[in-house]
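Novice: Handing you a structure now.
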Amino acid sequence: MSPKAVQRFVAYYRVSTERQGKSGLGLEAQQHAVATFINGGAELVAEFTETESGKQDERPELAKAMAACRCLKAKLAGDGRGYWIPIDASTNASAALGQTT
């Protein structure tokens, strides 16, 4: 019997303001949520942080995170309106994160 493959995840964090990003407000909570979500049952292979308003469509760090998912054969752990959800790398990132354009 072969051992079960460990699920791999790339974390994507987003804070709305530069001040929020520097202070760690929101960011620490998101990092804690990822750690809880993974809970030793998976491997966190990369992390990306974006400081960008939720109203902005351009998200270069999200694009990098999605590319990392494809390269590393991982799923994206993203903030789905207050809860963490695994997102398949082939999914449209904005749609998967509940954002409309």
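The values are calculated or read from the model by the stated rules, or taken from the named source; none is laboratory data. What you see is a predicted model; the values in this text were computed from it and never measured. Please note: Cβ atoms are built from the backbone with ideal geometry, for glycine as well, and neighbour counts cover all protein chains shown.
Novice: Across region 26-51, what is the number of residues that are at pLDDT below 80 and out of contact with any helix residue (DSSP H, G or I) (no Cβ under 8 Å at 6 or more places or on another chain)? Step through it out loud before you land on a result.
Specialist: Looking only at region 26-51, we keep the residues that are at pLDDT below 80, and these are 26, 40.
Next, from what is left, pick out any that are out of contact with any helix residue (DSSP H, G or I) (no Cβ under 8 Å at 6 or more places or on another chain): 40.
Residues that pass the stated criteria total 1.
Novice: So how many residues does region 28-73 have that are outside any helix (DSSP H, G or I) and either of a type in the set (Lys, Arg) or within 13 Å of Phe9 (Cβ to Cβ) (or both)?
Specialist: Looking only at region 28-73, we keep the residues that are outside any helix (DSSP H, G or I), and these are 39-59, 73.
Next, from what is left, pick out any that are either of a type in the set (Lys, Arg) or within 13 Å of Phe9 (Cβ to Cβ) (or both): 39-48, 55, 59, 73.
Count: 13.
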